[in-house]
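One structure is given below, encoded as C-alpha cells.
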Amino acid sequence: MQDNGALRAGLLIDSNGGPPLRDAIVQFADGRIKAVGRAQEFGSVADSALTIGNIVMPGLVDCHAHPTLFPDRRPFEEQLQAPDEMLALTAIRQLTVHLRSGVTTVRDCAARGQTMFWVREAIRRGFFPGPRLQLAGRAITHSGGHIHWAGGVADSAEEIRRHVRVLVAEGADVIKLVASGGGTKGGIPYLASYTVDELRVGVAAAHALERPTVAHARATQSIENCVDAGIDAIAHVEFLSPGEIVDMGNAGAPTGLPKLDVRVAEKLARSNAFLDLNPQSSGWDTVVLLRRKPELTCAESEQLSKLERYFEHFLPVIGALRDLGLADRMGFGSDAGPFDTEFGHLEYNVHLARKAGLSPMESLQAVTRNAARLCGLHDRVGTLDVGKDADLLVLDADPLEDEQNLTRVAAVYKSGVRVV
Ligand SMILES: [Zn+2]
C-alpha cells in the first residue's frame, strides 16, 4: 500500500478557518501529513506532486450515522426483523457509499447487538475498505425507550453503569444515552426520557473509563438535562416542547415543532457541550425527492408542505444558536440510516447549515474540524495539519463557492492511501 506522496491543488482548504491557499501542496509520509504549504516552497517536490482534482480539503467526518440501517422508509420495528448478519452487510454497503462520497471518519451512534464492532474488525482485517470508525455500540435507554431495539435497556443507575462498562469492554469508543423520545414506536420526542440524575450516572461511568458521551436530545427539557448532566455532545438539538403536535407522515412518532427556548439556549452556550446537529434526518431526503418530481399527488404535496414547515422552524433555531457563538461547537452529522436518510449526502447538511446562517467556511468546518473535535478525534483528523492522518478529499470544484461541489469527488485518501 502506497501511503507516501504529495498532492498539488489549485486551492487547498485546511479547515482551520483561514483563507484557502492557492497553488498548494500537501505532502504525506507513512500515512501522515508531513508538510502543507505553497507549491513554491516545495522545490522539486512540487514538480513531482500529483494533480488529480483542483481542490484538496480534509476527508469529511460524519459525527452521527447508523450504517446498520437502510433508508427504505420502513419503521424500525419492521426493519429490525432482519438478523444481525443482514445489519452487518447493510453497514458494509452504507460505509462504502459514504467513503466514496469523501467521508473518511464515521461515528456510529447506535447499532443493535455487536454488529458494528464486527464490521470494524472486518475493515481492520482489510476485508473491505471503509472509513475509520468511532463506535457507540448499543444506545442506553429505558424500557420501551427510543432505540430500545439495540439491546441497551437500563432502568436504574446500576443498570446504566453496568451497560457502560460492558459496552466499553466490547469496544465502545463513545457512550450514547437516550435523553428524549424519538422515532421508535411509542416515543414522545418533545419530552425528556432519562432524568438529569440518570444521565449523570452514565456520564460518570463513561468518563471513569475515559469515554465521551453523546445523548439523543430532541426535547427542550432533554437539552437542559444534558447540559446539567455534563453530556459531551448533544444530538439533534431540535428544541421540541409540548404544544402543537404535527404528524410528519413519517415512520415513528408525531413531534412538536422546533422553537428556541432562549433560557436553555443561553445555558447551552455557557456550557462546554458540542452540538451534534442532524437536519438531514428531519426528512430532507424526501424534500429533495418531492421537489424534483414534476407532479405530486395530494398526499405528496401535503407531506412536502409539512416537511418544509418543519425546516422553516428548525433552521432558524440553528441560526440562533450560531448567533449565540456556538458555530465552532457545531458538528453536522447525517444521522443517515433510519427512514429516508441516505448515506453519501453530507452535502445536504452543509447546504442546510448555510440556509441556517452559517458562513461557507463554517459550514465546511461543521463536517470536518468541528465534527472531529466533537468526536475527540481532532488530533488525528478534521484539518490539514502536519502530523495528522492524511485523510484527504480531492474535488473538481470549490465547495466554498457552492456546497454542491462536494459531490464532485475526484479522489479520496485515507491515511495517505488512495481509496477512491
Ligand atoms: Zn441517530
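The values are calculated or read from the model by the stated rules, or taken from the named source; none is laboratory data. Everything numeric in this text was worked out from a predicted model, so none of it was measured. Please note: Cβ atoms are built from the backbone with ideal geometry, for glycine as well, and neighbour counts cover all protein chains shown. Each accessible area value is taken on the protein alone, full model and side chains, heavy atoms only, with ligands, DNA and RNA left out. Shrake-Rupley method; radii C 1.70, N 1.55, O 1.52, S 1.80 Å.
What the table below lists for this structure:
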item: Among (1) open to solvent by 30 Å² or more (accessible area, probe 1.4 Å); (2) more than 16 Å from the ligand (Cβ to nearest atom), the one test that Ser271 misses; result: (1)
item: So Ile175, is it in contact with a helix residue (DSSP H, G or I) (Cβ under 7 Å, 6 or more places away or on another chain), crowded, with 24+ Cβ neighbours inside 10 Å and in contact (Cβ under 8 Å) with a residue 60 or more places away in the chain; result: no
item: Pair list, Cβ < 6 Å and 6+ apart or interchain, from segment 95-122 residues that are assigned by TED's automatic domain parsing to the domain that holds Leu395 to residues that are more than 16 Å from the ligand (Cβ to nearest atom) and open to solvent by 20 Å² or more (accessible area, probe 1.4 Å); result: none
item: Of all residues in segment 332-351 being assigned to a helix (DSSP H, G or I) and within 16 Å of the ligand (Cβ to nearest atom), the one that is most open to solvent (accessible area, probe 1.4 Å); result: Tyr348
item: Odd one out for Asp47, checked against (1) out of contact with any helix residue (DSSP H, G or I) (no Cβ under 7 Å at 6 or more places or on another chain); (2) farther than 28 Å from Glu403 by Cβ; (3) open to solvent by less than 70 Å² (accessible area, probe 1.4 Å); result: (3)
item: For Glu85: the one exception among (1) open to solvent by 10 Å² or more (accessible area, probe 1.4 Å); (2) part of a loop (DSSP other than H, G, I, E, B); (3) away from the ligand (no atom under 14 Å from the Cβ); result: (2)
item: Answer from Ala65, Ala29, Ala39 - the residue that is hydrophobic (A, V, I, L, M, F, W, C) and open to solvent by 10 Å² or more (accessible area, probe 1.4 Å); result: Ala29
item: Strands (runs of 3 or more DSSP E) contained entirely in segment 132-249, each with at least 3 residues that are within 16 Å of the ligand (Cβ to nearest atom) and of a type in the set (A, V, I, L, M, F, W, C); result: 175-178, 213-219, 233-240
item: Number of the condition not met by Leu364 [criteria: (1) part of a loop (DSSP other than H, G, I, E, B); (2) in contact with a helix residue (DSSP H, G or I) (Cβ under 7 Å, 6 or more places away or on another chain); (3) closer than 15 Å to Pro20 by Cα]; result: (1)
item: Residue in segment 308-331 that is closer than 30 Å to Val36 by Cα, in the same structural domain as Ile92 (by TED's automatic domain parsing), assigned to a loop (DSSP other than H, G, I, E, B) and open to solvent by less than 30 Å² (accessible area, probe 1.4 Å) present; result: no
item: Candidates Ile55, Ile92 - the one that is open to solvent by less than 40 Å² (accessible area, probe 1.4 Å) and either within 16 Å of the ligand (Cβ to nearest atom) or at pLDDT 95 or above (or both); result: Ile55
item: Selection count, segment 100-120, where residues are aliphatic (A, V, I, L, M) and either over 27 Å from Arg369 (Cβ atoms) or outside any strand (DSSP E or B) (or both); result: 4
item: Residue match in segment 300-322 (condition: within 16 Å of the ligand (Cβ to nearest atom) and within 28 Å of Gln134 (Cβ to Cβ)); result: yes
